[in-house]
1. Six or more apart or on different chains, Cβ under 8 Å: which pairs go from a residue in region 119-137 that's over 18 Å from G75 (Cα atoms) and without any contact (Cβ under 8 Å) to a residue 40 or more places away in the chain to one that's aromatic (F, W, Y) and in a helix (DSSP H, G or I)? Could you list them?
2. With V76, V101, V66, V122 as the choices, which residue is modelled with pLDDT of 90 or more and crowded, with 17+ Cβ neighbours inside 10 Å?
3. Contact list please: Cβ distance under 6 Å, first residue in region 59-87 and closer than 20 Å to A11 by Cβ and in contact (Cβ under 8 Å) with a residue 12 or more places away in the chain, second residue in a loop (DSSP other than H, G, I, E, B) and hydroxyl-bearing (S, T, Y), pairs at least six apart or on different chains.
Amino acid sequence: MNETLDSQLMAERIESLKGGIIGSLSVSFAFVLASLLNTLVLAKYFQILASLQTDINWHLWVSGAVATFTGFLFGVTYRYIIRSDQNPQLKAGGVLAFGLVRGLTQIEFGWNSHSTIWSFVVLAFESVLWFIIAAIALDIAIKLGWVKPFSSK
């Protein structure tokens, strides 16, 4: 009996790890795309968003590492949030919980700094977008059977 529970627990941990890896890869991908978009388009053509332009430096590496880690946490958590339900409010709530916590923190930082807030609003929007992309990737992975949803039994 105990051996069965241990094997079930290990199987759930492996599925959570797979969800976390997919979440971290998809948020990392979204981070790279957003950084390129910010640097090559938004900061170049919209002067008010010039602070979005980033060079490859330690700040970018730290931001990328944080994005990757939050993507991992999102992937693990999202699997438990949606379980085997088909409830769109649960999915949207999980995405918005992660995206808004990160995004509103950026807006608050921008509000307290003495620079324009618009670049921080763009960063907040892109934070929500990152987790939308991760949720889509995880939904596809679950649909393809790469990750099993958490059963609510």
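The values are calculated or read from the model by the stated rules, or taken from the named source; none is laboratory data. Quantities reported herein were computed from a predicted structural model and do not represent experimental measurements. Cβ sites come from the backbone with ideal geometry, for glycine too, and all protein chains shown count toward neighbours.
1. F120/F109; F120/W111
2. V76
3. R83/S152; S84/S151
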